[in-house]
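Asker: Got a structure for you, written out below as structure tokens; questions coming shortly.
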Amino acid sequence: MQMNGDQQLEAYRRMLRIRRFEEEAMRQFSRNKIPGFFHSSVGQEAAIVGACLALRDDDAMTGTHRSHGHPIGKGARLDALMAELMGKQGGICKGRGGSMHFADNSVGIISESGIVGGGIPLATGCAFSASVRGVDQVTLCFFGDGAVNEGTFHESLNMASLWKLPAIYLCENNGYAIVTSVEQSHAQPDIALRAAGYGMPGVTIDGQDVTAVFEATAQAVARARAGEGPILIVANTYRFDEHNYGLLVPGQPYRSVAEIEAHKRDRDPILLYRAVLLEEGVSEKTLREIEEEVTEHIKKAVKFALNSPMPETETFSDYMFNTPI
Amino acid sequence: MHTDAQKHAAPHGTDIQMTYVEAIVQAQIEEMDRDERVILMGEDVSIYGRGKLFERFGKRRVWNMPISEGGFTGLAIGAAISGLRPIVDLSTASFVYLASDQIINQASKLRFMTGGQIDIPIVFRCFMYSAGSMAAQHADRPYPLFMNVPGLKIISPTSAADIKGLMKSAIRDGDPVLVFEDARLWSLEGDVPTDPDRVIPIGKADVKREGRDVTLVAIAGAIRPTIEAVDALTEEGVSVEVIDPRTLKPLDHEAVKMSVAKTGRLVIVENGHRVCNVGSEIAAVMAEEAFDLLRRPILRLSAPDIHVPFSPALEKGFFPTKDDIAAAVRRLL
């Protein structure tokens, strides 16, 4: 299963949207326009976009505390996302979620969980619901390498495989749970091998290669939709920024500057894919147009977000209940 | 006793005798008949006690779960967000701790945190063994912990009719509802309406006995020794009003205030541990909002701040007894 020409350009567009969104949001963060934590998805764009593009619009998804990329990858509008980061009423979650909880249900996201591993059972339940209701929706579940050591991962994969649920478990393995490496925390650092314990296939792919991620996910989606059950995909990727903005503890390096620089130079998923597209005959002009369009799009999103009002203080209790007593 | 056939065949608008636990099953049967999105999941649910539900609805509606309380609770929450209305049977209340991360961090928060983009219509059932030598890891009554969590509704009815009507409301509700059943009440028989549309609203207390001298608020299984004490006190000429909140969150403080306005005296009885329990909350609200109505200090009877002991010799006086309750009422006269 390969991307067609339109999908290829869309892959480039969405990866670039994530990158430019994060860069602009970090600028707004440093200008104190964005409160709270800030977990950047920069470096992980291909793992997100390749997987999302393999889904149908009506497929469901869950994400993680590093949540900015997921809705953008699934095609969400940027203005309500930027407004959410700023805690505005025009935010996708009306200013009640923020950086770690960027769930846009209009594109099929049922939650982004700030609790590591917390969304894995929810994604499994979403796939369970599709199975019980007899619809052919699949659910894509993003989580990081750290979440693999949570009980929710094991309990969920067991149930999904037991009942052949239409779930795709996609591990964005960026090598570090905050500052603790996979080698320091996983008795079996080859995460895909864990799938065997639940009787499901596990594959490892290059998470910096959007084509590889798309193709692996598209196969998994076809399999899941056909009722053949879940799969674990481990996309090896790299976080270019710190766990969250400003977290770096001086004098306590957990990864070398050389390692970071090498990834930024040789393993940038956007630069890698730009080269692929040019080699495949896409014109420089076409790529430039996409880049300009993304820049404009981000500018509009920031304008919308800055102009969106803060929530009125008396609305603090809104959205608690569907059925207030 | 009536046979199952008689129970199902009874005309609408009449009452029928059944036990508390039969009323729970009947509520689930009616709601699963009414709405195909309602499903039941939990450990061993197809076999123990609810075999009737499995026979009627089959394996697409009644799901046996592996022993993965956190996992299947989260699975149910994901299913609730995505078009189903699960009833999650968590069995013994002590096991709810295993599911509590998902109940608190996901179920109670996600509607709010998504700005109302999603709904989570889900029911979590569990039962509390407050006597019977279960020892401390099977004898918890953890409802006060969950009362401290915004976004959860909590019911703990004490009669067969109330559990049926409130369970049905819980299943029809659009938000997470926790049901704390007291295993002491399962065998209680009572008249239960057969009308499948008779529901009891969440958040409304019920006056179980009317009286003039003292208000007794009894929570969950504490209703049994409370009623025994009230019978004894009545013979002594003491008139006690008994209020069962039925819903623990939100509490019906107005019902308590109305009673205290009449009696001026308040005793709260429960089997939860003493620190920060339902009695604490009712007493605090009465002190803030109804201080002028009180003629005597509020008394609270509860389990001590000690774990439930295994030995019958130690467990015997652990929870408030009929005599403790009667003595507390007499102290206020």
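Laboratory data are not the source of any read-out in this text; all were calculated from the coordinates shown. Please read these numbers as outputs of a predicted model, since none were measured by experiment. Here the Cβ positions follow ideal geometry from the backbone for every residue, glycine too, while neighbour counts run over all protein chains shown.
Asker: Taking every DSSP beta bridge with both residues inside chain A, roughly what % is antiparallel (nearest 5)?
Answerer: Working: 2 of 25 bridges.
So the antiparallel bridges in chain A amount to around 10 percent.
Asker: Just subtract the alpha-carbon distance of B:ARG56 and B:ARG331 from 0.36 nm times their residue separation and send over the number in nm, one decimal. Write down the numbers at each step before the final one.
Answerer: On the way: separation 275, 0.36 × 275 = 99.00 nm, distance 5.29 nm.
Roughly 93.7 nm would be gained on extension.
Asker: Given that compact globular proteins tend to follow 2.2 N^0.38 Å, what is the ratio of the alpha-carbon Rg of segment B:206-332 to that value?
Answerer: Working: Rg = 13.9 Å, N = 127, 2.2 N^0.38 = 13.9 Å.
So the Cα radius of gyration is 1.00 times the expected 2.2 N^0.38 Å.
Asker: Related question: If you average the sequence gap of Cα pairs under 8 Å that are 6 or more apart and divide by the length of chain A, what percent do you get for the contact order?
Answerer: Numbers: 630 pairs, mean separation 75.5, N = 325.
That works out to 23 percent.
Asker: Relative to the first principal axis of the alpha-carbon coordinates of chain B, what is the inclination of helix B:278-289, with its axis defined by its Cα atoms, in degrees from 0 to 90 and to the nearest 10?
Answerer: Helix B:278-289 sits at roughly 60 degrees to that axis.
Asker: Summing Lys, Arg as +1 and Asp, Glu as -1, what charge do residues with Cβ under 12 Å from the Cβ of A:SER67 carry, A:SER67 excluded? Don't skip to the end; give the middle numbers.
Answerer: On the way: positive: A:ARG66, A:LYS74; negative: A:GLU22, A:GLU84, A:ASP104, A:GLU112, A:GLU172.
Summing Lys/Arg as +1 and Asp/Glu as -1 gives -3.
Asker: Tell me, what is the FRET efficiency for B:GLU288 and A:ILE325 to the nearest 0.05, using R0 = 22 angstrom and their Cβ-Cβ distance as r? Mind showing how you got there, number by number?
Answerer: On the way: r = 20 Å, r/R0 = 0.93.
Plugging the Cβ-Cβ distance into 1/(1 + (r/R0)^6) gives 0.60.
Asker: Still on this structure: Could you tell me what a quarter of the Cα convex hull surface of segment A:153-247 works out to, in nm² with one decimal place?
Answerer: Values: hull surface 26.1 nm².
Value for segment A:153-247: 6.5 nm².
Asker: Along the principal axes of its C-alpha atoms, what lengths does chain A span, in descending order and rounded to whole Å?
Answerer: 61, 51, 46
Asker: Moving to a separate point now. Label point 7 Å out from B:SER311 along Cα-to-Cβ: which residues of segment B:135-173 have amide N under 18 Å?
Answerer: Counting backbone N atoms under 18 Å from the label point, the list is B:135-137.
Asker: Moving to a separate point now. Sort A:CYS126, A:CYS141, B:CYS126 so the one with the fewest other Cβ atoms within 10 Å of its own Cβ comes first. Write out the running numbers ahead of the final one.
Answerer: Values: A:CYS126 35, A:CYS141 31, B:CYS126 22.
Least to most surrounded, the residues fall as B:CYS126, A:CYS141, A:CYS126.
Asker: Among residues other than A:ASP190 whose Cβ falls under 14 Å from its Cβ, what is the net charge (Lys/Arg +1, Asp/Glu -1)? Write out the running numbers ahead of the final one.
Answerer: Details: positive: A:ARG194; negative: A:ASP145, A:GLU183.
Its environment carries a net charge of -1.
Asker: Roughly how many nanometres apart are two label points built 7 Å out from the Cα toward the Cβ at B:LEU145 and A:SER185?
Answerer: According to this spin-label approximation, the distance is 2.4 nm.
Asker: Here's something else I'd like to know. Taking each residue of A:92-99 in turn, how many C-beta atoms of other protein chains fall within 10 Å of its C-beta, and what is the average? Working shown, then result.
Answerer: Numbers: counts 3, 7, 6, 1, 8, 7, 1, 0.
The per-residue average across the peptide is 4.
Asker: Related question: Over all directions, the average projected area of the alpha-carbon convex hull for segment B:87-245 comes to how many nm²? List each step's numbers first, then the result.
Answerer: Values: hull surface 43.4 nm².
Average of the hull's projected areas for segment B:87-245 equals 10.9 nm².
Asker: Would you work out the relative contact order for chain B, in percent, from Cα pairs under 8 angstrom that are 6 or more residues apart?
Answerer: Computed over chain B, the figure is 17 percent.
Asker: Here's a follow-up. So what's the back-of-envelope 222 nm ellipticity for chain B, counting only DSSP H runs of four-plus at -39500 (n - 2.57) apiece and dividing by all residues, rounded to 500?
Answerer: On the way: 13 runs with 120 residues, N = 333.
Computed ellipticity for chain B at 222 nm equals -10500 deg cm²/dmol.
Asker: Under DSSP H, which helices of chain A have Cα atoms covering 20 Å or more of the helix axis and a Kyte-Doolittle average no less than 0.0?
Answerer: On the way: long enough: A:5-30 (38 Å, -1.25); A:119-133 (21 Å, 0.93); A:210-225 (22 Å, 0.55); A:284-307 (35 Å, -0.74).
The answer, listed by residue number, is A:119-133, A:210-225.
Asker: Shifting gears a bit: Return, for the Cα atoms of segment A:117-172, the radius of gyration and Dmax in Å, separated by a comma.
Answerer: Answer for segment A:117-172, Rg first and Dmax second: 10.6, 33 Å.
Asker: Among A:LYS299, B:LYS249, rank each residue by its count of other Cβ atoms within 10 Å, from fewest to most, as a rough exposure measure.
Answerer: Working: A:LYS299 12, B:LYS249 24.
Final ranking by Cβ density, sparse to dense: A:LYS299, B:LYS249.
Asker: So if R0 is 45 Å, what FRET efficiency would A:ALA222 and B:ASN64 give, r being the distance between their Cβ atoms, rounded to the nearest 0.05? Mind dumping the intermediate values first?
Answerer: On the way: r = 30 Å, r/R0 = 0.66.
Once rounded, the FRET efficiency stands at 0.90.
Asker: Separate question: Take segment B:7-193, drop everything but the C-alpha atoms, weight them equally and run the Debye formula without solvent; then report log10 I(q)/I(0) at 0.11, 0.14 Å⁻¹ to two decimals.
Answerer: -0.45, -0.75
Asker: Follow-up. Output the direction-averaged projected area (hull surface divided by four) of the convex hull of the alpha-carbon atoms of the protein assembly as shown, in nm².
Answerer: Details: hull surface 130.5 nm².
About 32.6 nm², averaged over all directions.
Asker: Return the aspartates and glutamates within reach of B:LYS262: Cα separation strictly under 19 angstrom, same-chain partners fewer than 8 residues apart disregarded; answer none if there are no such residues.
Answerer: B:ASP206, B:GLU210, B:ASP213, B:GLU241, B:ASP244, B:ASP252, B:GLU254, B:GLU288, B:GLU289, B:ASP292
Asker: In addition: Quick one: dipole size for the protein assembly as shown, taken about the Cα centre, charges +1 on Lys/Arg Cβ and -1 on Asp/Glu Cβ, in debye to the nearest 20. Walk me through the intermediate numbers first.
Answerer: Working: 69 positive and 86 negative charges, 134 e Å.
That gives the protein assembly as shown a dipole magnitude of about 640 debye.
Asker: How much mean residue ellipticity at 222 nm does chain A get from its helices, if each DSSP H run of length 4 or more adds -39500 (n - 2.57) and you divide by all residues, to the nearest 500 deg cm²/dmol? Present the calculation step by step, with values, prior to reporting the outcome.
Answerer: Details: 11 runs with 141 residues, N = 325.
That calculation yields -13500 deg cm²/dmol at 222 nm.
Asker: Also, I was wondering about something else. Taking only the alpha carbons of chain B, what extent do you get along each of the three principal axes, in Å, biggest first?
Answerer: Here the Cα extents, ordered largest to smallest, are 58, 46, 42 Å.
Asker: Can you pull the percent of Cα pairs in segment A:188-228 with separation above 11 Å? Write out the running numbers ahead of the final one.
Answerer: Values: 561 of 820 pairs.
Here the long-distance tail beyond 11 Å is 68 percent of all Cα pairs in segment A:188-228.
Asker: Give me the net charge for the shell around B:PHE146: Cβ to Cβ below 12 angstrom, other residues only, Lys and Arg +1, Asp and Glu -1. If you can, show how the numbers build up before the last one.
Answerer: Details: positive: B:ARG141, B:LYS153, B:LYS249; negative: B:ASP140.
Counting the neighbours of B:PHE146, the net charge comes to +2.
Asker: Quick one: angle between helix B:322-332 and the longest Cα principal axis of chain B, in degrees between 0 and 90, rounded to 10, please.
Answerer: Roughly 50 degrees between the two axes.
Asker: Identify all lysines with a Cα-Cα distance to B:LYS164 below 29 Å; exclude those on the same chain that are fewer than 8 residues away in sequence.
Answerer: Those lysines meeting the cut-off are B:LYS7, B:LYS52, B:LYS59, B:LYS109, B:LYS153, B:LYS204, B:LYS208, B:LYS249, B:LYS257, B:LYS322.
Asker: Give me a single rounded figure for B:117-126: the average over its residues of other chain Cβ atoms within 10 Å of their Cβ.
Answerer: Details: counts 13, 6, 3, 2, 2, 1, 0, 0, 0, 0.
Mean shielding by partner chains, rounded to a whole number: 3.
Asker: Each label point is 7 Å from the Cα along the Cα-to-Cβ direction; what then is the distance between the points at B:GLU236 and A:LEU278, in nm?
Answerer: 9.4 nm
Asker: How do B:TRP186, B:TRP63 line up, fewest other C-beta atoms within 10 Å first? Walk me through the numbers on the way to the answer.
Answerer: Numbers: B:TRP186 18, B:TRP63 24.
Neighbour counts put them in this order, fewest first: B:TRP186, B:TRP63.
Asker: For chain A, what is the number of Lys pairs with C-alpha distance below 24 angstrom, counting only pairs 8 or more positions apart or on separate chains?
Answerer: Final tally of qualifying lysine pairs is 18.
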